[in-house]
Each structure stands twice: as C-alpha cells, then as structure tokens.
Amino acid sequence: MTLFNEMGLSAEIQSAIDDMGFVYPTPVQEKVVPFLMESRQDLVALAQTGTGKTAAFGLPIIQQLDTQKKSVQALILSPTRELAIQIAGDLQNFSKNLGFINIAVVYGGADIVKQMREIERGAQIVVGTPGRTLDLIKRGKLKVNEIRWVVLDEADEMLSMGFKDDLDSILETSPKDKQTLLFSATMPKEIVAISQKYMKNIEEISVGKRNTGAENVEHHYYVVHAKDRYIALKRVADINPNIYGIIFCRTRAETKEVADKLMQDGYNADALHGDLSQSQRDFVMSRFRSKHLQMLVATDVAARGLDVNDLTHVINYNLPDDPEVYVHRSGRTGRAGKKGISVTLIHLREKGKLREVERTVNKTFIKKDVPSGKEICEKQLFSLIDIVENIEVNNEQISEFMPVIYKKLAWLDREELIKHFVSVEFNRFLTYYENAPDINVDESHHSDRDFGDQGGRGDRRDRGRRTDRNRGDKRDDRRDESGSRFERGGRGGKFDFSRFFFSMGKKNGISKRTIIDMINQQMPGKNVEIGSIEVLKGFSFFEVDKRFENDVIRAFKDAKYKGQRVGIEVAKGK
C-alpha cells in the first residue's frame with residue numbers, strides 16, 4: 001500500500017499531514033494525488049462524499065503554487081458555505097509550514113467588503129460558492145486571468161441546487177489553458193454536458209462504480225404502517241444506544257415535527273431546515289459536530305454541504321423521489337474506512353420505489369424487523385452496564401463523599417444495590433415498553449389498499465389530509481423539498497401558496513382548528529384553499545392560495561381573538 005511519504009510531497013507538506021495523523025491515503029487520494037503531480041490533463045473524479053477529496057486535489061495544488069505571486073492561481077467551487085469553510089480550513093492545515101500562502105473564502109450572506117479585502121491581500125487560492133464567486137468576478141474584485149486550476153467539488157450538488165448558469169459563466173470567464181478538476185458522487189447527464197463543453201483531454205478516475213453507494217454502508221429497511229413511522233423511528237434509535245446520525249425528512253414542516261417530538265420524548269435531537277437563520281444553523285451544527293446532539297433531523301436541501309464524520313446511521317424517514325438523492329444521503333455514513341448503516345422506513349406501496357433505489361445503489365437492502373420492547377430493554381440494559389463498568393472513577397474527588405454514601409446505602413446487600421442502581425436509568429424503558437405492540441407489517445396478509453399514504457409523503461392525518469370547511473371535501477396535501485405544495489383531488493389543480501406569519505401561538509390558546517375557523521370567519525363566502533399550518537409557542541404560520549394574499553391581509557386588518565388584536569403579515573422567505 002502506498003504511503004503519503006512516497007508521493008513526492010514536499011517536506012513541509014509531509015510534516016503538516018503527519019501532524020494531522022495522515023499515513024495511508026484513501027483510494028481517491030492514492031489515485032488523484034500522483035496524477036495531479038505529474039499531469040496537466042483535465043480530471044473527472046467519481047467518488048462519494050467524505051472520501052478525502054479535499055486532500056486529493058488540495059495537496060498537489062498547494063505543492064505547485066507559485067508562492068512569489070499574489071494573484072489568484074486556484075479557484076475551488078463548492079455548493080455550500082459550510083463546505084467552502086471546511087475546504088479552506090483543510091488547505092490552511094496542509095500549508096501551515098509553507099508560509100506565503102493566502103487562502104480566501106467567499107460565500108453569500110456574509111460581508112462582501114471583508115471578502116474583497118481578503119482577496120486583495122494576495123490570496124493565491126479562493127474557495128467559494130458559485131453565486132458569490134461570480135458576483136466578485138463581475139465586480140472586478142476577483143481576477144481569474146491567471147488561474148491555473150478550477151476545482152468543481154460536489155459538482156452534482158451544485159447543479160441540483162441551481163448553480164448551472166453561475167458555473168457556466170465562471171468557466172467561460174476563466175483561462176482556456178487552466179486545468180479543470182471535477183469531483184462528483186454521481187454522474188447525471190448535466191455533469192456529462194459540463195465536462196464535454198468546458199473540459200478537454202479528460203482523465204476519468206473512479207473510486208467505486210458510477211452512481212453507486214459507498215462500500216462500507218449496509219442498507220436496512222423496515223416495513224410499517226404510515227401511522228407507525230415515528231414509533232418505528234424511536235425503536236430504531238433505542239435499539240442503537242450510541243446512535244449518531246441524520247434523519248432525513250421530505251419537508252421543513254415534517255422536519256420540525258419529528259425533531260420536536262424527539263426532543264419532547266427526551267432524545268438529544270434538533271432540526272436543520274430552511275427557516276433557520278445562519279446563526280441558528282451554525283449553532284445547531286456546532287452542537288451536532290461536538291456530539292451534544294445524537295440525532296439531527298434535516299431536509300436534503302438544508303443538509304447539503306454538511307461534512308460530519310463518524311456518523312453511525314443515516315435514517316430515511318421517507319424515501320426520496322430521486323434515487324440519486326439516496327446515494328448522497330447514505331454516503332454520509334461509512335466514511336474513512338468505518339462502517340455505517342442507512343435505514344429506510346417504508347410501507348408496502350413504496351416497495352417498488354425501494355427496488356428502484358436498490359438498482360441505482362447496486363446494493364441489496366436487508367429487511368429488518370422493528371425491534372420489540374423486550375429486545376430494546378435488553379440492549380439498553382447491557383449498554384448501561386457497559387458504561388458503568390468502563391466509567392473512569394476520580395477517587396481523589398469522590399473519596400470525601402463516600403463515607404456518607406456507604407452509610408446511606410448500608411441497608412442494601414450487593415444484589416439489591418445493583419438492582420436499585422440500574423433501575424435509576426432503566427425504569428423508564430421498562431415502563432415505556434411494558435406493553436409495546438408489534439408494529440411490523442406482515443406483507444403476506446396485506447394488500448396495497450391497507451396503505452393509504454402514497455409515496456411516504458406524510459403519516460400524520462391532521463397534516464396530510466385537511467378539510468376545507470367552505471367546501472367540505474378532503475384533499476391530499478403534498479409538498480416537495482422546496483416547500484411548494486401540490487394538491488390532488490378537490491378541484492384537481494396545482495396551487496401556489498403564500499405563507500403568513502400569525503402573531504399568536506399555543507400560549508394564546510391557538511390551534512390549527514382555530515386558524516382554519518378564523519380564515520373562514522374573516523372571509524365568508526370565499527372558496528379559499530388552505531395549506532400548511534404550523535402552531536408554535538408564541539406565534540404561528542399558515543398558508544393560503546396565493547391568489548387570495550391581498551384578501552387575507554385586508555380581512556385580518558382589524559381581526560381579534562378573545563379581545564386581543566391579531567397581527568398577520570406575509571412571511572419572509574419560503
């Protein structure tokens with residue numbers, strides 16, 4: 001096996017990666033580093049997220065930089081701010097012993113003037129998101145005429161996030177003789193089109209097969225009724241006491257709902273979704289990276305660009321519509337040679353979709369039974385015993401308290417003492433699972449008619465099917481990842497919704513039913529489509545057909561609830 005010290009890296013770089021504990025390169029590093037050290041050919045590298053791509057392209061670029069020049073020589077594009085910051089941090093660590101290397105990070109939502117100053121100070125490497133990068137190029141602050149390398153990291157993610165036009169403009173603006181390095185986990189036709197249009201004499205390096213899942217990931221699935229999906233999620237978490245994972249949901253509303261339930265049930269969990277400000281997002285991610293959170297509930301959009309190591313599980317609360325999205329989800333675990341598990345909760349109508357994902361990932365999914373209460377209690381009990389057995393005892397600090405403790409517990413013999421001690425933590429599991437039912441679905445005794453939740457788009461009846469009191473009919477309420485809603489049934493139309501902020505919440509006695517009734521009362525005789533309703537502690541959000549946006553604002557201008565003035569306004573953002 002090749003070692004890093006056999007790759008021809010400079011002594012300064014070798015010393016830096018030694019300090020980071022790097023000895024053996026990952027497969028993508030073993031193939032890409034020597035190639036970039038020797039060749040100026042363009043490169044397409046197919047590799048999963050988390051396989052060490054930053055070092056693969058970063059080490060050769062740093063080694064070959066002209067440190068006497070203060071112009072931008074390498075432009076590295078990534079889909080998200082988080083990934084850009086992480087790439088820049090890794091490059092700084094690789095080059096810490098070289099001196100004279102400046103790295104600037106540019107992304108939207110931050111002070112552009114400060115970013116301009118970083119570039120003007122002589123940044124030889126710029127790492128950025130496509131939108132902010134193009135903005136700086138157009139302003140003349142990021143000059144790309146001397147660029148030797150352009151790196152498109154997670155190119156498929158950048159395209160799926162809508163950055164195609166930005167990428168086109170950047171690639172057209174940069175020098176023709178640059179070396180273009182494209183890294184992607186999957187190879188959709190859009191990636192092929194970019195490589196054909198902007199790259200020449202391409203070398204393709206592949207770690208694993210195209211569009212397939214990571215080798216170190218096992219794929220499990222559980223078949224349950226839609227109404228039991230959350231119960232199944234809890235049991236999967238409880239049977240894995242040391243779980244550290246991401247739970248993927250379809251919509252922001254579902255993400256909040258699942259995270260809120262987990263927190264209410266005592267789990268170390270939180271949500272990551274599009275309604276969070278950047279500071280809130282950073283706070284949640286900081287807690288998750290430091291493992292103060294065991295489970296992060298997220299949409300695919302919100303989780304893009306996250307790079308967290310050591311995940312034990314990825315849980316698909318719902319299957320994604322696009323099998324390639326599953327490839328990205330599952331690739332977040334099983335990194336750096338470690339094992340990981342991707343779990344999917346489905347019902348019978350999703351079996352066909354599951355088979356399609358299997359074909360895409362080129363892996364056989366293992367059907368698992370949802371664990372019983374007894375199995376969970378046994379696993380939790382032995383996990384607790386392992387913790388007690390291996391806990392580090394600070395004799396110096398605890399010794400002064402021991403005489404009182406011995407006296408207090410002297411009436412208990414050894415066996416009773418152990419039982420009492422274990423029961424402190426264990427009783428809640430025994431109580432909760434005492435009469436826990438079997439929620440596994442016997443596939444041989446059910447037809448598709450028994451599973452009314454098509455496509456896994458929601459398992460809560462109060463959210464998934466809502467009654468419009470003006471018409472008395474029911475509609476199947478579905479959302480896509482961006483928050484747009486598509487209605488089936490009723491008029492059979494497709495509706496665009498406006499989202500409103502409502503100044504009262506649970507503490508004011510507001511419920512979903514209250515908001516529906518108020519809309520009907522304030523707008524009598526109008527056939528208004530009502531969308532998602534979220535009732536929080538101090539305020540709420542609701543959606544109505546966008547065509548009625550001005551009508552709603554006028555109708556609620558002087559509205560009151562229990563004598564208190566109601567305030568509403570169109571919510572900012574989706």
Modelled with pLDDT of 90 or more and of a type in the set (Val, Ile, Thr): is that true of ILE191 in this structure?
no
Here, helices (runs of 4 or more DSSP H) confined to the stretch 113-223 with at least 3 residues that are charged (D, E, K, R) are 130-138, 164-173, 189-198
Given (1) crowded, with 22+ Cβ neighbours inside 10 Å; (2) touching a helix residue (DSSP H, G or I) at 6+ places or on another chain (Cβ under 6 Å), ASP90 misses just (1)
Sole miss for LEU75 among (1) within 22 Å of GLN14 (Cβ to Cβ); (2) touching a Leu at 6+ places or on another chain (Cβ under 9 Å); (3) of a type in the set (A, V, I, L, M) is condition (1)
Apart from one, (1) under 22 Å from LYS53 (Cα atoms); (2) surrounded by fewer than 19 Cβ atoms within 10 Å (Cβ to Cβ); (3) among the basic types (Lys, Arg); (4) modelled with pLDDT of 90 or more all hold for ARG117; the odd one out is (1)
Pairing a residue in the stretch 20-31 that is within 15 Å of LEU91 (Cα to Cα) with any residue that is in a loop (DSSP other than H, G, I, E, B) and not acidic (Asp, Glu), where Cβ atoms lie under 6 Å and the two sit 6 or more apart in sequence or on different chains, gives GLN29/GLY52
Of ARG349, ARG355, the only residue that is more than 18 Å from TYR317 (Cβ to Cβ) and in a helix (DSSP H, G or I) is ARG355
Residues in the stretch 312-340 that are surrounded by fewer than 20 Cβ atoms within 10 Å (Cβ to Cβ) and either touching a residue at least 24 places away in the same chain (Cβ under 8 Å) or aromatic (Phe, Trp, Tyr) (or both) total 9
Only one of (1) modelled with pLDDT of 80 or more; (2) closer than 23 Å to VAL258 by Cβ; (3) hydrophobic (A, V, I, L, M, F, W, C); (4) under 28 Å from the mean Cα position of the chain (by Cα) does not apply to ILE515, and that is (4)
Within the stretch 338-361, does at least one residue satisfy the condition of being modelled with pLDDT of 90 or more and farther than 28 Å from PRO188 by Cβ?
no
- Out of curiosity, is ILE13 surrounded by 19 or more Cβ atoms within 10 Å (Cβ to Cβ), in the same structural domain as GLN196 (by TED's automatic domain parsing), hydrophobic (A, V, I, L, M, F, W, C) and farther than 29 Å from PHE163 by Cα? yes
Inset, instruction - Would you confirm whether any residue within the stretch 5-18 is modelled with pLDDT under 85 and part of a helix (DSSP H, G or I)? - result: yes
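The values are calculated or read from the model by the stated rules, or taken from the named source; none is laboratory data. A quick note: this is a predicted structure, and the numbers were derived from the prediction, not measured. Every residue, glycine among them, receives a Cβ derived from its backbone with ideal geometry; neighbour counts consider all protein chains shown.
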